[in-house]
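Here the structure is laid out as structure tokens; the discussion comes afterwards.
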Amino acid sequence: MTSEAMAAAAALDAWRVAAPRRKRSAARCPRRREAAARGPEAEPEADRGVVLRRIREAGEDLLISDFWSLSLETINRCLTKHLEQLKAPVETLEEALGNLHLDSSPGESDAATGFIPGDSLATGSCHLKCVCYGIGNFASCVIARNQLTFLLLFLEKCQIPRSHCWVYDPLFSPLEIAVLSSLGVTVLSENEEGKRSVCGEPTIFYMLHCGTALYNNLLWSNWSVDALSKMVIIGNSFKGLEERLLTSILQKNYPYIAKILQGLEELAFPQTSQYMDVFNDTAIQWFPVQKLQQLSMDTWAFREEPDYQDCEDLEIIRNKTTEEPSATDLNSL
């Protein structure tokens with residue numbers, strides 16, 4: 001084992017509950033241009049161990065917080081209903097969320113030194129996958145680091161192997177990609193703009209503080225009763241979006257969000273002073289089959305791909321390879 005790998009393993013030695021200590025408050029993220037000023041050349045390999053240590057410390061703080069226990073109750077209420085809809089026994093979720101210990105499991109400890117793709121920890125008869133978009137620059141931003149820490153602990157509690165979690169943010173630095181790889185999650189190489197289908201498999205999308213278009217794209221990619229009923233979204237409250245945006249803007253720019261508002265159930269995350277900036281406006285949302293089936297046939301007939309050409313303040317980074325080809329490109333066809 002190299003010295004770097006040993007440092008990473010030591011930094012992630014345990015997700016165990018530490019003795020109570022003074023909790024760190026969440027600082028706001030530095031401005032994007034300031035974070036980018038350092039550049040890849042300013043991120044030596046030795047920083048990987050530092051970032052991993054900070055993630056472990058954030059996990060220790062989160063585990064002893066009221067927010068963590070209250071959030072698990074909220075998630076438990078939603079996923080119980082969701083798994084019932086998937087015809088999974090209720091005991092499955094109780095085993096996943098109730099019988100696990102808070103210290104590290106063998107599978108998660110192995111992730112620090114190289115998670116083996118294909119390893120699986122079955123959640124009863126229901127095998128969940130997870131996709132994370134827009135986590136941000138967690139190496140430099142405390143808010144993003146706390147959001148990543150929550151994701152890692154959430155995967156452990158739900159017995160979702162880290163190899164079954166796909167992560168992407170177009171702002172990730174080489175250092176952050178290296179850290180995520182050492183943690184055992186799968187870092188996507190392409191900007192999907194949220195256009196990922198569940199492909200018939202129950203999938204949890206973890207999308208905190210993402211642009212509205214990302215959620216709209218995700219819904220478009222899964223615009224059917226069958227696909228939506230297999231999805232859970234942990235992210236911005238759709239009801240909050242409805243309250244903040246003019247109805248005309250929501251229907252014009254984000255039609256799939258507008259159409260699905262009557263077909264979802266939503267539970268808001270708890271709000272505590274320590275994590276107010278980290279999880280504000282966050283909710284867990286799922287789509288009951290009964291509600292989806294009550295939507296009109298016209299709702300499902302509309303399948304036009306979003307383009308956002310007339311949308312101001314889009315709040316997402318587009319995939320340049322999917323943009324309209326130039327005249328030169330067209331002439332070369």
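The values are calculated or read from the model by the stated rules, or taken from the named source; none is laboratory data. None of the values given here were measured: they were computed from a predicted structure. Virtual Cβ from ideal backbone geometry, glycine too; neighbours counted across all protein chains shown.
Answer yes if at least one residue in the stretch 34-47 is surrounded by 12 or more Cβ atoms within 10 Å (Cβ to Cβ), modelled with pLDDT of 50 or more, assigned to a helix (DSSP H, G or I) and aliphatic (A, V, I, L, M), and no otherwise. No, that holds for no residue. Taking every residue in the stretch 189-215 that is acidic (D, E) and pairing it with any residue that is crowded, with 21+ Cβ neighbours inside 10 Å, at least 6 positions away or on another chain, the pairs with Cβ-Cβ distances below 6 Å are E193/N217.
Is one or more of the residues making up the stretch 170-181 of a type in the set (D, E) and either within 13 Å of the chain's Cα centre (by Cα) or part of a loop (DSSP other than H, G, I, E, B) (or both)? No, the stretch 170-181 has no match at all. When you check V185 against the structure, is it among the β-branched types (V, I, T), within 16 Å of V131 (Cα to Cα), out of contact with any Gly (no Cβ under 8 Å at 6 or more places or on another chain) and surrounded by 21 or more Cβ atoms within 10 Å (Cβ to Cβ), yes or no? Yes, satisfied.
This table checks each residue for (1) of a type in the set (V, I, T); (2) under 25 Å from E156 (Cα atoms); (3) touching a Cys at 6+ places or on another chain (Cβ under 7 Å); (4) modelled with pLDDT under 95.
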{"site": "N216", "(1), (2), (3), (4)": "no, no, no, no"}
{"site": "L245", "(1), (2), (3), (4)": "no, no, no, yes"}
{"site": "L250", "(1), (2), (3), (4)": "no, no, no, yes"}
{"site": "T272", "(1), (2), (3), (4)": "yes, yes, no, yes"}
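Would you be able to say whether some residue in the stretch 157-165 is basic (K, R), surrounded by fewer than 23 Cβ atoms within 10 Å (Cβ to Cβ) and out of contact with any Lys or Arg (no Cβ under 9 Å at 6 or more places or on another chain)? Yes, the conditions are met somewhere in the stretch 157-165. Number of residues in the stretch 200-212 that are in contact with a helix residue (DSSP H, G or I) (Cβ under 8 Å, 6 or more places away or on another chain), surrounded by 22 or more Cβ atoms within 10 Å (Cβ to Cβ) and not polar (S, T, N, Q): the value is 3. Residues in the stretch 241-260 that are surrounded by 20 or more Cβ atoms within 10 Å (Cβ to Cβ) and polar (S, T, N, Q): N253 alone. The strands (runs of 3 or more DSSP E) located wholly in the stretch 201-315 that include 2 or more residues which are among the polar types (S, T, N, Q) occupy 282-286. Beta carbons closer than 7 Å, at least 6 apart along the sequence or on distinct chains, pair a first residue in the stretch 151-175 that is more than 19 Å from M207 (Cβ to Cβ) and in contact (Cβ under 8 Å) with a residue 24 or more places away in the chain with a second that is β-branched (V, I, T) and in a loop (DSSP other than H, G, I, E, B) for Q159/T123.
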